[in-house]
1. Here is a list: Ile449, Ile414, Ile467, Ile491. Which entry is outside any helix (DSSP H, G or I), within 19 Å of Asn363 (Cα to Cα) and under 33 Å from the mean Cα position of the chain (by Cα)?
2. Being in contact with a Gly (Cβ under 7 Å, 6 or more places away or on another chain) and of a type in the set (A, V, I, L, M) is the filter here; which residues of segment 65-98 pass it?
3. Looking only at segment 321-350, filter to residues that are buried (at least 18 other Cβ atoms within 10 Å of the Cβ) and among the small types (Gly, Ala, Ser); which one of those is farthest from Ser184 (Cα to Cα)?
4. Would you kindly identify the strands (runs of 3 or more DSSP E) lying entirely within segment 246-333 that contain at least 2 residues that are closer than 24 Å to Asp228 by Cβ, at pLDDT 95 or above and away from the ligand (no atom under 13 Å from the Cβ)?
5. Since Val39 meets every condition but one in (1) more than 9 Å from the ligand (Cβ to nearest atom); (2) surrounded by fewer than 24 Cβ atoms within 10 Å (Cβ to Cβ); (3) within 8 Å of the chain's Cα centre (by Cα), which condition does it not meet?
6. Looking at segment 178-188, can you tell me whether even one residue there is hydrophobic (A, V, I, L, M, F, W, C), outside any helix (DSSP H, G or I) and out of contact with any helix residue (DSSP H, G or I) (no Cβ under 8 Å at 6 or more places or on another chain)?
7. So which residues in segment 241-258 are within 30 Å of His290 (Cα to Cα), touching a residue at least 60 places away in the same chain (Cβ under 8 Å) and not small (Gly, Ala, Ser), if there are any at all?
8. If we keep just the residues of segment 334-356 that are in a loop (DSSP other than H, G, I, E, B) and over 22 Å from Val456 (Cα atoms), which is nearest to the ligand (Cβ to nearest atom)?
Amino acid sequence: MNKFMVTTAIDYVNGAPHIGHAYEKILTDVLFRHFKQRVEKTFFLTGVDEHGIKIQKTAASLNIAPKELCDKNADQFKQCWELLDINYDKFIRTTDEDHKKIVQEIFEKLLEKGDIYKHKYEGLYCSGCECFLSEKDLDENGCCPIHGKKPELVSEENYFFKLTKYKDAIIKHIKENPDFIMPSFRANEVLNQLENIEDISVSRAKTNVNWGIEVKSDPTQVIYVWIDALSNYITALGYNPNDESDEKFKTFWPANFQIIGKDILKFHSIYWIAILMALGVELPKTIYAHGWITIDKNKMSKSTGNVISPKTVMDAFELKEPDAFRYFMCTSAQGGKDGNYSDEDFKERVNADLANNMGNLLNRTLNMLTKYFDGNILAQHICEGELTKASIETISKVKEHFDKVELSEAAAEIISLVDMANKYVNDNAPWTLAKEGKMDECGKVLYSILDLMTKVAVLIYPYCPNIAQKMAQQLKIDINMNLDELSAKMIKEGKLIEKSEIQPVFLRMDSEFAVKK
Ligand code: ME8
């Protein structure tokens, strides 16, 4: 792999970011930071989705212009990602002028090709999903099963996209590429949905929806918000349907992973893929659908008042760095399933894994090194043993998990390496060896643990960049190294640390609760 590109869904700006939005951006950032340790050219795209009836209605209810709402909330998303150390390369807003222009061109191209045609239509529209639903999509009360609201009956003359034309090609692509939809259990879901697809409406009459991108050749219509939003993945790179695309597009497209929530898998694995096929653009390598985060096992919703923001959590626990929250989010669900946030689980897991297990081990070992060897690594202590073998194996296992977006599983491998080192230190009791005057043996035990911690620091870095940086400072390694450079015997002979330089990498969290009881 010589380049790596990852994208997130772009969030609707009709509200402030919550921990569900944060979950996705954190997963993506951790994935990105890991691949940055393996690949030279990388690109991370995220942003916000600003058009559509949902934003129009929210702005109207607040008595402000849609653009004002978008500006205010887009800023909140940006600030939130800064707080969480989300290291994106580009933050796209669908109100960006260059995005709007290319979306218009994409629409015209599909019209020209005959893949878009005009058609009179009546259907049930859910503004929450921003899509038409059929009777069989509704629950027993005639409501949208995701948003719990009755869809509106809409009758309009719209433009339609010939989705059905691409049905067989999409089915074939999914069947022939087992990594195309991840986790693999979601592929069947999509294949089932494909059985019943129809052509989709891709514009709305401006008289009904005016907050959107106008159809260039027919200003009475605005482009359907999902066509606008999905196109962001290529407009952000400077794709041009009529002319040569920018260097960025040529370098980074197709994306290696497009990370989205399970609720919008249909839009990504069917609609988006059909659009790309129609444009003759290469398909992304993998669409990865993550599960949903609940709070205390309840779905987050404005009406129940349990929507919490990452800032609320960070403030409640007086966290200055987002590492603990990032770590918790990545370990809160396995294999693309749903996860849950609770204050108790958060506190318990990060205290156990990051403070007691990882942080204390480093702290104890460095303190012993200063106590018995004045912080020096002696040539005769540099050795390879069972911990070296386990560390090197862990690097491969972590890589394999990341290849499948198994971030919780990869973290578990790192923590189990730390567990092994904790057991090793207790079994070998360097303090007893020192008491008995077996200084060479003692030095080797300490070396083995410290050298293992270099692997732990680099592997945990994508999850906990600040903690890892503090570990690296004390172990005198460069945290920005490539995983290929991470080998045995990273710690060299000579002075490693002064007692005054030793600092805890993560303090146990006590205190408060973020979720109102
Ligand atoms: O769907 N847990 O925007 P959105 C986990 N604009 N993920 C969650 C979540 C939760 N509780 N709530 C939301 C949209 N998400 C469109 C996307 S992409 C071209 C356009 C995830 O603000 C959700 O699954 O409703 C989605 O991936 C993302 O947050 C944005 O959701």
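The values are calculated or read from the model by the stated rules, or taken from the named source; none is laboratory data. Just so it is clear, the structure is predicted and the values come from calculations on it, not from any experiment. Cβ coordinates were reconstructed from backbone atoms using ideal geometry, including for glycine residues, and neighbour counts include every protein chain displayed.
1. After ruling out the rest, the residue left standing is Ile491.
2. Residue satisfying the conditions is Ile92 alone.
3. Looking at residues that are buried (at least 18 other Cβ atoms within 10 Å of the Cβ) and among the small types (Gly, Ala, Ser), I get Ala324.
4. Per the criteria, no element qualifies.
5. Evaluating Val39 over (1) more than 9 Å from the ligand (Cβ to nearest atom); (2) surrounded by fewer than 24 Cβ atoms within 10 Å (Cβ to Cβ); (3) within 8 Å of the chain's Cα centre (by Cα) leaves (3) as the failure.
6. Yes: one or more hits.
7. Result: Lys248, Thr251, Phe252, Trp253, Pro254, Asn256, Phe257, Gln258.
8. Selected residue: Asp338.
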